[in-house]
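Read through the structure below, which is laid out as structure tokens, and then see the notes.
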Amino acid sequence: MAQWQDTDSIDATQYREIVHSFGEVAAALGELKDLTPLLRMIATRICLVTGVPRCSVYLRDDETGLFHGQVGHADQDIDALVKRLVAASEGDAFTHEILDTKGPVLAVNAQNDPRLVCSRMRAWKVRSMLGVPMMLRGEVIGIVFLDAEDEQWTFTDRVIEVASTFADLAAAAIAQARLTIDLRNSLTTVAKQNKLLRQASAVDERLGTLSVEAATIAEIAEAVAELTGKPTGVYDHEHRLLVESVPPWLERSDAPNMPDGSIWKRPDVSAAVAALSDVRSPVLAPMLDAGLQRRLLIAPVVMRHTEWGRLVVMEHGVRFGALDLHVARRAAISVSLEMSAERRAARSEWDARSSLLGELIRGNRDSESLARRAQHLGIDLFAPKALCLVAAVDSLDAQLPVASDVSAAVVEAHGTPVLATGVAEGVLLALDLDPRLSRRQAGERARASVEAGLKALEPLAGPLVAALSGRCAAASEYTRGYSETCEVLDCLMKIGDPHASSVLCADDLGPARLLLASTDQAAALRFSRDALGPLLSPERGMVDLLETLRVFFDCGRSVRRSAEALSVHENTIRYRLARIEELTELLVSDSSDDQLTAQLALLILRISGELDGEQNAEEPIPSLALQQSAC
């Protein structure tokens, strides 16, 4: 590399060479995407015009005021080493002198100069060094350091002037390059934002159309999976997975499964999800211990300030982007709107069904009008039904739930929808009876459903009682059925155990409900004790006699069937019946009046809960009416 001649100033040839070198730098400004190529070209050209073999370029950090190494030029690649260096630190007096004077500073003996960090000079084998500021509008935006490795270099005034002139030109080029790069980045950012806005607009239009068309939750999930290209699921407030969808181009067998609902109940997962409520981008990181292998984007579904559930998008194929978050949040709003509409529709249908049952039991509308309304609601009034009146017993522990809760508990056991409405006595239900079963079997199935429903409600509501009517197969029969349930309930309230749930059917009582509804528990129990007397003793022999009497009536007063039911000989049954007649003076084998007395006494004991050896649900006590018809 040729060195400059020692003259006092730059001649025309030297100036032209500076301008030519800077022209090459300026020509590259329009193609730059970052500063590194420009800074490397500046380092190369400044070495060329000054003749100095080594150069390093530093730029100022506006936040700290320090100058960080960017690039270097030498006979070998020194960029990585230069990038580790920082100038203008607290002990760097040499650089601070450049900043204070805003002019070139020369160190003739660099390794012994107190202004420099001598250890660094020795490491870089610097003998003499020139520091030149890059000035722009009176500010030092960078510094160029020139030296020769392990060589004492003579920096003449002309070299210093050339270096200063080129450094100032380079400062202007750097400022212009920064402006160009920022403008290009801004344009790129704007283009990306415009593209994102167009995509967001298309998303809003797609999801908005689904909302207007009253799309189902499954259709919304399908749209989200298609728009994001990722598997999507919707969970309810009990963490049950309602729907799951995958992008249309992805085979279901190749897609990862959405998390099981039980995962959300884990304390660690629940806490992690709760922590996302205050996060701008609610992405749940993988939790391998919980079985969550992928990142999940979670958007809560909120109705009336209450979280009803959540929409979950699973990361698959590509990472989440800003559009995925927009799609998930927008879709969560669509799901909440759909759920609100479904709840309003369900509430409206519930009110309509409740109103229909109320008018059926009051009998204040013509049957044809009621039949049309029932048909509109999908109810067949000619299909056999049983009315059930549920009430709280006379106990401080009992509290009657609302009609919808009672209905839900019975439906859970019965398996088919029921009509329900509130009445003065409690909650009235209308249960479908299976037409394929006999009257007795259908009634027993209804009884079992009600018993299961009361058992489910008991932990929260306390003991409840229920009265079942006979079969209703026409609109005109509901008024009679409601009266029957009121009479049966009256019997339960007066005679039944006030501390236990129980279910009683009108068919169990027969005409006896007319008698029992007009008496109280004390009088009824007194009647039973007077009638059966010694049989109520806890002695084993008396218990066997009372059980034999009950089974005798259950089996239609057949000695043979009674013997089979109790697994004893027929003569044993005859002996026990004779013993019962001897103790009670009731001719239960022959006299219909005495049989009615004994059956009524047994019925009272059963209702009050004092009858030992209660029969199972498959073998109920036949009604008095049926027993009398067999005489």
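Taking the listed residues GLU368, GLU359, the one that is acidic (Asp, Glu) and outside the structural domain of ALA420 (by TED's automatic domain parsing) is GLU359, with no other qualifying.
Could you please let me know if ASN571 is modelled with pLDDT under 80 and assigned by TED's automatic domain parsing to the domain that holds LEU525? Criteria not met by ASN571. Restricting the first member to the stretch 282-295 and to residues that are more than 15 Å from PRO256 (Cα to Cα), and the second to residues that are exposed (fewer than 13 other Cβ atoms within 10 Å of the Cβ), the beta-carbon pairs closer than 7 Å and six or more apart or on different chains are MET287/ASP268; ALA290/ASP268. Taking the conditions exactly as written (at negative phi, of a type outside the set (Asp, Glu) and more than 39 Å from the chain's Cα centre (by Cα)), does ARG445 satisfy them or not? Judged against the criteria, ARG445 is not a match. Scanning the stretch 607-622 for residues that are modelled with pLDDT of 65 or more and surrounded by fewer than 21 Cβ atoms within 10 Å (Cβ to Cβ) yields SER608, GLY609, GLU610, LEU611.
Considering the conditions (1) in contact with a Leu (Cβ under 7 Å, 6 or more places away or on another chain); (2) more than 25 Å from ALA522 (Cβ to Cβ); (3) of a type outside the set (D, E, K, R), SER476 is excluded by exactly one of them, (1).
Inclusion of SER449 among residues that are assigned by TED's automatic domain parsing to the domain that holds TYR482, among the hydroxyl-bearing types (Ser, Thr, Tyr) and in a helix (DSSP H, G or I) is warranted.
To keep it simple, each residue is scored yes or no on (1) crowded, with 19+ Cβ neighbours inside 10 Å; (2) under 60 Å from the mean Cα position of the chain (by Cα); (3) over 28 Å from ILE495 (Cα atoms).
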site	(1), (2), (3)
PRO538	no, yes, no
VAL543	no, yes, no
CYS555	yes, yes, no
VAL559	no, no, yes
SER562	yes, yes, yes
SER591	no, no, no
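Could you list, in sequence order, the residues of the stretch 329-354 that are within 14 Å of the chain's Cα centre (by Cα) and either of a type in the set (D, E, K, R) or more than 19 Å from LEU242 (Cα to Cα) (or both)? Within the stretch 329-354, ARG329 is the sole residue that qualifies. Scan the stretch 334-354 for residues that are surrounded by 14 or more Cβ atoms within 10 Å (Cβ to Cβ) and among the polar types (S, T, N, Q) and the total you get is 3. Among all residues of the stretch 385-405, there is at least one that is among the hydroxyl-bearing types (Ser, Thr, Tyr) and under 18 Å from TRP350 (Cα atoms).
Only one entry in HIS316, HIS326 is touching a Pro at 6+ places or on another chain (Cβ under 8 Å) and under 19 Å from PRO247 (Cα atoms), namely HIS316.
Just one residue in the set ARG294, ARG280, ARG319 is loosely packed, with under 15 Cβ neighbours inside 10 Å and modelled with pLDDT under 85; that residue is ARG280. Does SER262 meet the test of being among the polar types (S, T, N, Q), in the same structural domain as SER340 (by TED's automatic domain parsing) and touching a residue at least 12 places away in the same chain (Cβ under 8 Å)? Here the answer is yes, as SER262 does meet what is asked. Taking (1) of a type outside the set (S, T, N, Q); (2) assigned to a helix (DSSP H, G or I); (3) in the same structural domain as HIS316 (by TED's automatic domain parsing); (4) at pLDDT below 85 in turn, TRP249 satisfies each apart from (2).
Here's a check for you: in the stretch 142-154, which residue that is surrounded by fewer than 20 Cβ atoms within 10 Å (Cβ to Cβ) and not acidic (Asp, Glu) is nearest to LYS102 (Cα to Cα)?
Going residue by residue through the stretch 142-154, those that are surrounded by fewer than 20 Cβ atoms within 10 Å (Cβ to Cβ) are 148-152, 154.
This time we only want the ones that are not acidic (Asp, Glu), so: 148, 152, 154.
Working: ALA148: 23, GLN152: 25, THR154: 22 Å.
Here the residue is THR154.
Only one of the numbered conditions (1) surrounded by fewer than 19 Cβ atoms within 10 Å (Cβ to Cβ); (2) within 18 Å of LEU99 (Cα to Cα); (3) in contact with a helix residue (DSSP H, G or I) (Cβ under 9 Å, 6 or more places away or on another chain) is violated by GLN176, and that is (2). Considering only residues in the stretch 477-507 that are among the small types (Gly, Ala, Ser) and modelled with pLDDT of 85 or more, the one that is surrounded by the most Cβ atoms within 10 Å (Cβ to Cβ) turns out to be GLY481.
Given the conditions (1) in the same structural domain as HIS414 (by TED's automatic domain parsing); (2) in contact (Cβ under 8 Å) with a residue 12 or more places away in the chain; (3) assigned to a helix (DSSP H, G or I); (4) surrounded by fewer than 13 Cβ atoms within 10 Å (Cβ to Cβ), and given that GLN375 satisfies all but one, which numbered condition is not satisfied? Tallying (1) in the same structural domain as HIS414 (by TED's automatic domain parsing); (2) in contact (Cβ under 8 Å) with a residue 12 or more places away in the chain; (3) assigned to a helix (DSSP H, G or I); (4) surrounded by fewer than 13 Cβ atoms within 10 Å (Cβ to Cβ), GLN375 fails exactly one: (2).
Comparison of GLU226, GLU219 shows that the only residue that is assigned to a helix (DSSP H, G or I), surrounded by 15 or more Cβ atoms within 10 Å (Cβ to Cβ) and free of Cβ contacts under 8 Å to residues at least 12 places away in the same chain is GLU219.
Only one of the numbered conditions (1) surrounded by fewer than 24 Cβ atoms within 10 Å (Cβ to Cβ); (2) in contact (Cβ under 8 Å) with a residue 24 or more places away in the chain; (3) touching a helix residue (DSSP H, G or I) at 6+ places or on another chain (Cβ under 8 Å); (4) of a type in the set (A, V, I, L, M) is not met by LEU437, and that is (2).
The values are calculated or read from the model by the stated rules, or taken from the named source; none is laboratory data. Owing to the predicted nature of the structure, the values given are computational and were not obtained by experimental measurement. Cβ coordinates were reconstructed from backbone atoms using ideal geometry, including for glycine residues, and neighbour counts include every protein chain displayed.
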